[in-house]
Amino acid sequence: MSHNDRQMNGQHRPNSILDQFELPPAKKSKQRLAWLRTAWRESWEEGGFLHQRWEEIGQARHASWHEVAIWIKTAALFGGLSLIVLMLNAASDIASATLKGLSDVPATSASDGSGLWGTVDHPVRVFLADQAAHLSVAPAALYAFWQLTGLLGLVGGFFGNAGARIAWLLFGIGSLAMIWSTAPAGGRAAATGLAALMWALASIFALRGLTLRPIVHNHPPQYQFNPALHLHATIPAPTPAGDDHGDNIHPLQR
């Protein structure tokens, strides 16, 4: 046995670098933290990964969509799609809760036809209840959908949404048709006329800012034509004094 392989104090003495003990876990964690700090600092230096990404973000504010970095486009599209999904999910929950709340109101027993509003509302309830008997839907659900359509058309039309205004017009026409077909024969014209007046008054808010006059935009032409006549004439160059060679001498002097 060599001198290096002898037992010293009951312990084996290493004879090469491979036989060295591994570093303690505390020193390993310190080395990893030091490496992470160094990598983080170098990535923010000029030419580093994070520094380049930050420069691309700053340039994206003044660049067009085609000049923006691909990773920014991908993140924007993914975020936009996620936002749309969340908005649709929230809108569906709100619409379901609204329809459920409106469906709790009975379709026919809530109004007995008395009063101005009852004269307009009761025929609609009766018409929807009669039609629901031939459909696989509850009368309260039809009435709730009718109410929700009118509410969305009124609010959306007030803010200038074109689709909401179309829905508001269809809501009013359909309501007048239902009232005309269900109201008593003796007061059919009065009930329909009263509903038309109420719809016209509500249209002041739903069709706010709508005008039937055409909008004319007078913009100056981008290119202006200015006719002009240009004459190009060639003027002969003067002949030097020493180059006439007797061509300009009077015939009597020859």
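The values are calculated or read from the model by the stated rules, or taken from the named source; none is laboratory data. Just so it is clear, the model here is predicted, and its values are computed rather than measured. Positions of Cβ are backbone-derived with ideal geometry, glycine not excepted, and every protein chain shown enters the neighbour counts. Please note that ligands, DNA and RNA were not included when accessible areas were found on the heavy atoms of the full protein model with its side chains. Shrake-Rupley method; radii C 1.70, N 1.55, O 1.52, S 1.80 Å.
Counting only helices (runs of 4 or more DSSP H) that fall entirely inside the stretch 110-193 and contain at least 1 residues that are β-branched (Val, Ile, Thr), surrounded by fewer than 18 Cβ atoms within 10 Å (Cβ to Cβ) and without any contact (Cβ under 8 Å) to a residue 60 or more places away in the chain, the qualifying elements are 139-158, 162-182.
The set of residues from the stretch 53-75 being in contact with a helix residue (DSSP H, G or I) (Cβ under 9 Å, 6 or more places away or on another chain) and assigned to a helix (DSSP H, G or I) comprises Arg53, Glu56, Ile57, Gln59, Ala60, Trp65, Glu67, Trp71, Ile72, Lys73. Leu201 meets each of the listed conditions (1) open to solvent by less than 70 Å² (accessible area, probe 1.4 Å); (2) over 16 Å from Phe145 (Cα atoms) apart from (1). Can we say Gly193 is at pLDDT below 90 and closer than 29 Å to Arg208 by Cβ? Here the answer is no, as Gly193 does not meet what is asked.
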